[in-house]
Every structure is written in structure tokens, then in C-alpha cells.
Protein chains: 2
Amino acid sequence: MEVRLESAVVRGFRFAGVAAGLRSESGRKDLGIIVANTPVAAAGVFTTSRVKAAPVLVAQEHLGSGRLQGVAANSGSANCFTGKAGVRLARESCAALASTVGCAMELVAPCSTGVIGHLYDLQKYRAGVADAVAALQADGLTDFASAIMTTDTHAKVASTMVRAGGSQITIAGCAKGAGMIEPRMATMLAFIVTDAAARPPQLRSILKNILPRSFNAITVDGDMSTNDTLLLMASGAAANRPLAGRDLNNFGMAIGNVAGALARELVRDGEGASKLVTVEVRGARSEADANRIARSIANSPLVKTAFFGCDPNFGRIAMAAGKAGVDFDPERLDVSLAGIKIASRGAINVEVLAGAAARMKEREFGLTLDLKMGKASARVTTCDLTYDYVKINAEYTT
Amino acid sequence: MEVRLESAVVRGFRFAGVAAGLRSESGRKDLGIIVANTPVAAAGVFTTSRVKAAPVLVAQEHLGSGRLQGVAANSGSANCFTGKAGVRLARESCAALASTVGCAMELVAPCSTGVIGHLYDLQKYRAGVADAVAALQADGLTDFASAIMTTDTHAKVASTMVRAGGSQITIAGCAKGAGMIEPRMATMLAFIVTDAAARPPQLRSILKNILPRSFNAITVDGDMSTNDTLLLMASGAAANRPLAGRDLNNFGMAIGNVAGALARELVRDGEGASKLVTVEVRGARSEADANRIARSIANSPLVKTAFFGCDPNFGRIAMAAGKAGVDFDPERLDVSLAGIKIASRGAINVEVLAGAAARMKEREFGLTLDLKMGKASARVTTCDLTYDYVKINAEYTT
């Protein structure tokens, strides 16, 4: 079940991305649509922020039926903190796509990303939807992914295949970052489609299972977005037998692999990021403990600047572990950085630090802590904190 | 009870700061001592990190008696994550000062700040202590404050006077930052001395009361140090009557004012900081709610880069409030930035944004959120996130 960082044709779905003039940068794609040939099984997970964007509220409502036929996603405006006018706008946006493809507006999920607190122009949106419907293609996923980018430097897509229920099933997805990323139920915007036949409760259950190890296990800046949305849609075109047992497991794992690949791509393209670092905490008393320490390290500005500076800084790692509020014995702690054990039982291995610093010049490495307190573990993927993060966020309005 | 950002003579105490060669930068002051004429009443609060530095463990033990005669504080090494050798070194450091001034070693509190995971040279330390004792001066507080600086750009001292118990009482203190700052019980290193006569339980009670609004209400980078220590010592030289009732209140408020001034100075001199921002959340259901939202905003990299960019970015403020896990109604939210109401009842006042951006060019301003959910409030003081924060922490090893 190899995951490729490329698009795939998924029977039953077509995609498009067009420039509708919703963004200030003229000519940039800013409206993406996904259209299924018929209503399909769907599930979604959303931000747990107390400030939920209007499209999140509307999408949650529309997903109550477990069915979708379309997704209408825009960049340029997050349609968040826009009150009742924002909710009306999100509904009108669904209606625009629904009337063009001929389905009920409740079968469309709206998604928005971009500047918070501003509405977008409905007339331009409607014209854009018409253009997008005319441009729908079976291999249009990358166009769709391009249309929802904000500070992302490239479109992020992933796909895989799995045999289940007697059929060859294809799964493809896309996601956008690149800042305000520490999802707590899903990521900024991510979409996964498959031609499998699956029931909405199965899709919901799969999403719940894969989140802790994919989108909920990454951070760019510790800032959870108001618009985090992950949608999963299954067209049934693969005509597989009903999925159960090992088939259902394999299908769920394949979805999880695509989600994990997309989540990693989000961090790799994190704002200003020059390095991708997977923080693993082992030997914890519980997965929650391991996760708290891994997150504390992955979000520490001092650890993240040390990654940027190629500094195998055991002290900052220990500091970030210590502040996580988890009980452990500092004198048992082993730490490996970029494959080199920089500390054993709480003491720094000074003679290996130069070697570790040299390995940290790679674009991707791991940091592993072994607490030796128990058997639980957790991983969080993060990036470094660079001049470019400051530049992007001091000069760009999100 | 005006607080001045300058040193003062406090009867009963002398101070010194010398260069003992503990730091890599030669000639820089790195060893500070405080010596009282006799054992005095003392109290301390320390980091709540699970990774406590050796001097924190030893100082906590020595403060059990409620008495101190000396403080021996060094920069250049945090003596943290140094195991049993670190604890021995901290005890030997106390003994070095104790034998020179002729008191029991349990009457000395050790404090260290600097690189984590390294021991300092005890021979150099002992020689430094001898030099420092020879250099003790009643007006030496600024020398002491200079000796404990790491990435601080200047020594931070504050003082005030208060009339209580029939006497004029002087209070003076100092603190050092400048990174790894989000104290949860105290700050990196801070010392407050007074000539008041007060009992150790009174001092402990005062520290507990003043922390939530001084050192525990600031953040530079959300990174709690392993060495956070605040010591309060009272010599009794003011010969006041026993403090009680309004006198004790006034004395506690004066201590709180000095602590508050030092805490603000820490943030003003935060690593790379160009702006000091006081985040106030009002109208919350509880102080804990208000504090969670204020901290979430004060630690958000996206909000902090917006401060740096003079961007009155309501969206990021709302995002950070939303992720705090506190229930509130976005449509009631009022937000004022630098004295300008940028959002009323959840809607941005677009016409005032340019004016707010202009005011954000000041070095100091406030951000106030009114949730209109209740009557509780909280304040957290923070700074902006700048290129220099990244530069300092990617190039400097702490």
C-alpha cells in the first residue's frame, strides 16, 4: 500500500480549480470544487476551536445526512468571524454549486481559508462556480489543491490503492497548510476521496481512528485554525462487496496512509520551514503522557530555533519535556537526535554532539526520547522556526 | 508607592557581581552574591517544571528553615540535568560562600542560569566567591544583577519605599530574562530584598499572593525554565513593629509592585523583543478562563508576528482566543488594540484599522478583549516575535 505524492483518478469524482477573483492577487486560483456523479457516502471532522468559521458550521450541518455530492472550497477569505452574514454566504455558496450541478444544496459542503473577518464577493463566487463546473476533470485534483493554497508553496496531493471487498480501490486526497497549524480534530483543509463503497458510519469511524496519527500529530506553530476541516467521500464506483473485518481494516489503513502522507507534506511546507522533524516519545506511562511531552517539544520556540541552527541542544529538549506537566525521572532519560544518542540516562554525550550537529543539516531527521517509565509512545511531526516564518507572518495578513 | 527602575540601598544587605571565568565570554561578570549581616527571614518560589535544576533542589531544601544569610548566583551554566554531580556542585557552591562569610552552608541559596547540561568549574567559582566577598557593597545590587544576565541586554533592577509598622521600609529587587520565559511559579531568576522585619510565613504568603499578577503573568516564548527562582529576603533593619492588617497589606502591595515592575522589564527585554504588549481579557466567567485566553493570545506565534508587523490582525487574535478551550460567544466579543476598538460584537471595524496599525508602531500598547460572559478578568504581558528572536536562538546555545 505505497502512498505516492501525486494525484490519481478516482472513479465517480471530478475536480476543478479556477481563478474567481476572490483573492487580492489577480489571476491566482482561488475556487476549487469536487463533484461526485451522484450523492456519495461522506464524513468529516472539524476544528475544535470555540471560534468556528461559518463554512464549518454549515458543513457540519450538511454532513448530518452522511451524504455529499459536492464540495465548494475557496481561498482568499476564511469566512470566519463574519456572523450571520457569513453563514448566509456559506449557504449561498452551496446553493451556487448545487444549482449548477443539479443537486440539493444540503449535498454540498462549503470550505473556506484565508483572511479571517472578511466576506468574499458572492457574484464573483457564482461566476467562478460556473467556470469551475465547466472545467471539471477526472484528473483535476491538483488543480483543486492549487485553488485552496494560501502561504503554501506547492499543492499537496497523495494517493494509494488497496484491494478490499473483492475490488481494487483507489484513494486520493489533498490538503493545504501552511501556517496556523496545530489541528486538534483535523487540519486546515484536507479532502480524501475514494471509489470504495462504504457506509457513512464506517467513514466516520475511520476518520476518528486515523486522526491521532495523521493530522492531529503535526504542528507548525501551535496555532489551531478556526477553519480546520477534513472531508472523506466514497463514491462506491469500485463496486466492492460490503467492507468488513480485515477488508475494512486494510481500507482504513490505506486512508490513514494517505492522511499521514498529506499531514507530513503540510509540515514540510510549513511557513518558513527548512526542516521536518519527527519527535517521538517512548517509554511513557500512557499515550497521553507521551503525546504531551512530544507536543511540548514540537511547539517550543527554543527547540524549533535550535533545529534551524543545527544545534543538538539537549538542554532545550529537556526544558520542553520538563514543562509538559508529565512526571518522569530526568536521570533515566535517553535522547537520540538525527540517529545519534546525544544523552544517556540524563547525561549528555558530549563527544557525539559535533556529529549530531552535522546530521542536523539534513532536511529531515528524528528526535527520540525514551523516558523508561512505561511502554506507551507517541509521535508529533514539526518543523523548525526560521527567519522566513517571521517574515511571512509579519508581512502577510491571514 | 512609586516603583523606580533603579537600585536602592536596603539596610542589612550588601551585593557584588564579579567575573569568575565561568562563562565562555572572558571578562564578563558571571558570579553574583547577596550577603545579609545576619541570618534573615526568607521565602522562595521555584519552577514547577518536572526537570528542576540542582540549585533549585538545594535552594528549596535550604529555605525549609525560613532563614538565609547569603545567595550565590551564577550565569554561564544552569547546573541543570547534571545529576548527583550537579547537586554536589550546588552544595559546594553554598559552602564556598558560607565559609567565606562565616555562616552555616544551609543559610546560603544557590542559583544558576545559562547552558543546561554542563557543570561549572568549582575552583574558579571559589576564587570568584572570594573576589565577590571582597567587593561587597551596600549599593552593589546592579553589579549583582549584571552578573546573572544571559541574553539580557541590560541589568533589570527596581525599588520602592513604603511606610508600615511605624517605619520607612525599603524594597529593592532584580531579575534576569531573557528567553525561556513563561514562568509557572516564578521567573528565571529574581531577587527581592527589604529591610522590613517580617516573619518567613508572611513572606511566603506575600509571594503566593503577588505571583499571579507579576512573574506568573508574563511570557516571552511560552518556554518555562528549569531554573525559575524568586527569592525574597527581609533583614529587619527597618525595626518596624510586627506587620499586620493594613500595614501587612501595604507591605505586600509594595513587594508586588516591585515584582510587577521587574516582570515587565523581563518582557521588555525579552529575546529580540521590539514591543511590549499587555493582553487583558475582561468579562470572563472566571479568572482561570480569562487567563487561559490571555495566555493563548500572548503565546501565539501568529499574533506575536502580527505585533511585530504592526498588523491589527483581528483574525489571529480571534483564532488564538478560540483555541484556548474556553467557551464564549464570538458574536459578543469586543476587541481594542492600542486603544482603538477594532472589533465590536464580533465584527471588525474596518475603518479604524489603519489608525490602529499606526498606533502599533509604539513600543508599548495594550490589547483588550471583552467577552461579555461574566465579570472576571486577567492580564498577561508579552512581547513580539521578531527576526532577532530567531537569530538569538538559532545562534546562541542556552
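The values are calculated or read from the model by the stated rules, or taken from the named source; none is laboratory data. What you see is a predicted model; the values in this text were computed from it and never measured. Cβ: placed from backbone, ideal geometry, glycine included. Neighbour counts: every protein chain shown.
Look through B:Ala54, B:Ala41, B:Ala16 and report the one residue that is touching a helix residue (DSSP H, G or I) at 6+ places or on another chain (Cβ under 6 Å), among the small types (Gly, Ala, Ser) and closer than 30 Å to A:Ala321 by Cβ.
Working: B:Ala41 fails: closer than 30 Å to A:Ala321 by Cβ; B:Ala16 fails: closer than 30 Å to A:Ala321 by Cβ.
It is B:Ala54.
Looking at B:Lys323, B:Lys341 in this structure, which one is more than 16 Å from B:Thr381 (Cα to Cα) and without any contact (Cβ under 8 Å) to a residue 24 or more places away in the chain?
It is B:Lys341.
Search the stretch A:176-196 for residues being in a strand (DSSP E or B) and at pLDDT below 90, and hand back the single one that is farthest from the other protein chains (Cβ to nearest Cβ).
Taking the stretch A:176-196 and keeping what is in a strand (DSSP E or B), we get A:176, A:189-194.
Filter again for at pLDDT below 90, leaving A:176, A:189-191.
Working: A:Lys176: 16, A:Leu189: 15, A:Ala190: 18, A:Phe191: 22 Å.
Residue satisfying both the conditions and the ranking: A:Phe191.
Filter the stretch A:318-342 down to the residues that are more than 9 Å from chain B (Cβ to nearest Cβ) and aliphatic (A, V, I, L, M) and list them by number.
Residues satisfying the conditions are A:Val335, A:Leu337, A:Ala338, A:Ile340, A:Ile342.
Among the numbered conditions (1) closer than 16 Å to B:Ala294 by Cβ; (2) of a type outside the set (Asp, Glu); (3) over 30 Å from the mean Cα position of the chain (by Cα), tell me where B:Gly346 comes up short.
Condition not satisfied by B:Gly346: (1).
So which of A:Ala147, A:Ala158 is touching a helix residue (DSSP H, G or I) at 6+ places or on another chain (Cβ under 8 Å), small (Gly, Ala, Ser), in contact (Cβ under 8 Å) with a residue 12 or more places away in the chain and assigned by TED's automatic domain parsing to the domain that holds A:Leu248? Talk me through it step by step, then tell me what you get.
On the way: A:Ala147 fails: touching a helix residue (DSSP H, G or I) at 6+ places or on another chain (Cβ under 8 Å).
None of the others qualify; the one that does is A:Ala158.
What are the residues in the stretch A:95-154 that are assigned to a strand (DSSP E or B), aliphatic (A, V, I, L, M) and closer than 17 Å to A:Gly21 by Cα, if any? Show your work before the answer.
The first filter runs over the stretch A:95-154 and keeps only residues assigned to a strand (DSSP E or B), leaving A:108-113, A:115, A:137.
From the residues that got through so far, the ones that are aliphatic (A, V, I, L, M) too are A:108-109, A:115.
Of everything in the stretch A:95-154, just one residue is assigned to a strand (DSSP E or B), aliphatic (A, V, I, L, M) and closer than 17 Å to A:Gly21 by Cα, namely A:Val115.
When the residues of the stretch A:41-72 are narrowed to those that are buried (at least 21 other Cβ atoms within 10 Å of the Cβ), away from chain B (no Cβ under 14 Å) and not hydrophobic (A, V, I, L, M, F, W, C), which ends up nearest to the chain's Cα centre (by Cα)?
Applying the filter and picking the extreme gives A:Gly44.
Report the residue count in the stretch B:197-227 for those that are in a loop (DSSP other than H, G, I, E, B), closer than 26 Å to B:His62 by Cβ and in contact with a helix residue (DSSP H, G or I) (Cβ under 8 Å, 6 or more places away or on another chain).
Residues in the stretch B:197-227 being in a loop (DSSP other than H, G, I, E, B), closer than 26 Å to B:His62 by Cβ and in contact with a helix residue (DSSP H, G or I) (Cβ under 8 Å, 6 or more places away or on another chain): 6 in total.
Might you let me know whether the stretch B:347-362 holds any residue that is closer than 22 Å to B:Met319 by Cβ, without any contact (Cβ under 8 Å) to a residue 24 or more places away in the chain and either touching a helix residue (DSSP H, G or I) at 6+ places or on another chain (Cβ under 7 Å) or assigned by TED's automatic domain parsing to the domain that holds B:Ser214 (or both)?
yes
Go through the stretch A:291-335 and count every residue that is part of a loop (DSSP other than H, G, I, E, B) and among the acidic types (Asp, Glu). Show your work before the answer.
Our first condition is that a residue be part of a loop (DSSP other than H, G, I, E, B); within the stretch A:291-335, this holds for A:300, A:309-313, A:323-329, A:333.
Now restrict to residues that are among the acidic types (Asp, Glu): A:311, A:327, A:329.
Residues that pass the stated criteria total 3.
Give me a count of the residues in the stretch B:289-305 that are more than 7 Å from chain A (Cβ to nearest Cβ) and free of Cβ contacts under 8 Å to residues at least 40 places away in the same chain. So that I can check it myself, show each step before the final result.
First, the residues of the stretch B:289-305 that are more than 7 Å from chain A (Cβ to nearest Cβ): B:289-299, B:303-304.
Still in the running and free of Cβ contacts under 8 Å to residues at least 40 places away in the same chain: B:292, B:296, B:303.
Count: 3.
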